Amino acid sequence: GENVEQHPSTLSVQEGDSAVIKCTYSDSASNYFPWYKQELGKRPQLIIDIRSNVGEKKDQRIAVTLNKTAKHFSLHITETQPEDSAVYFCAASPSGNTGKLIFGQGTTLQVKP
Amino acid sequence: EPEVTQTPSHQVTQMGQEVILRCVPISNHLYFYWYRQILGQKVEFLVSFYNNEISEKSEIFDDQFSVERPDGSNFTLKIRSTKLEDSAMYFCASSELGSIREQYFGPGTRLTVT
């Protein structure tokens, strides 16, 4: 069935370092890949997304890359800051037009000052 | 900036009772969703809703669950007879269109079944 695997489950970096979170998906027809940031007790917030016709997208310190052949996409955060500390979820929208999102298991990112 | 809102923020109920979770999606959005997140786990899709009918539902969304858009603004999730394992955070989300459009999440309702 549809599945999204996310690694690592936890990631600790020093302030200013880069962080990379990786996801793989099973449905090759998936066409939309958002990333959500969830702070403790808060709602998931969309931070960046990429569509299947694009290989890379950047928004200030955040970038996402997509490799459709390998069914793999990644989130890159550069110059990390303590306020980047949160749980990050990747998701994929499988084929069909219902908008359903399949989420990965989440990565807890800790940025140490 | 418009946001999805949900009420109540926390609901405690006894096993076997019915609960209704309420959501007000962003006003010009056409697709609505419910997701749940068991404590410490990933977000799981429950159901998508468009044009006053369910467009897709997951295996979790069994006969005990139902959704409704009773008026032009609210979107509700009903659980008819709650079980202990229904305890979770329930998120409503909405998007302008269903396909390849950003989904915006509400703050969630924490449901505790005792």
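Only the coordinates and a few stated rules stand behind these numbers; no lab work does. As the structure is a computational prediction, the values presented were derived from the model and not from experiment. Cβ atoms come from the backbone with ideal geometry, glycine included; neighbour counts cover every protein chain shown.
Summary table below
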read-out: Neighbourhood charge, 10 Å Cβ-Cβ cut-off, centred on residue B:108 and excluding it, Lys, Arg +1 and Asp, Glu -1; value: +4
read-out: Residue B:5-residue B:102 pseudo-label distance in nm [points 7 Å out on the Cα-to-Cβ vector]; value: 2.1
read-out: Shielding score for A:99-108, defined as the mean number of other chain Cβ atoms within 10 Å; value: 6
read-out: Reduced Cα scattering model of the protein assembly as shown, Debye log10 I(q)/I(0), q = 0.16 Å⁻¹; value: -1.11
read-out: Charge sum, other residues only, whose C-beta stays under 14 Å from residue A:17's C-beta, Lys/Arg counted +1 and Asp/Glu -1; value: -1
read-out: Lysine pairs within chain A, Cα separation less than 28 Å, 8 or more sequence positions apart or different chains; value: 28
read-out: Zero-based 5 Å bins, Cα pair distances in chain B, whole percents; value: 2, 13, 24, 27, 20, 10, 4, 1
read-out: Ordering of B:12-25, A:92-105, B:44-57, A:49-62 by packing [mean C-beta count within 10 Å, highest first]; value: A:92-105, B:44-57, B:12-25, A:49-62
read-out: Shielding by partners - mean other protein chain Cβ count within 10 Å, residues of B:39-51; value: 4
read-out: P(r) weight above 22 Å for chain A, C-alpha pairs, percent; value: 27
read-out: Net charge over other residues, Cβ less than 11 angstrom from the Cβ of residue B:89 (K, R count +1; D, E count -1); value: +3
read-out: Theoretical FRET efficiency, 1/(1+(r/R0)^6), r = Cβ-Cβ of residue B:71 and residue B:28, R0 22 Å, to 0.05; value: 0.85
read-out: FRET efficiency, residue A:78 to residue B:41 (Cβ-Cβ, R0 45 Å, nearest 0.05); value: 0.95
read-out: Residue B:64-residue A:12 pseudo-label distance in nm [points 7 Å out on the Cα-to-Cβ vector]; value: 3.9
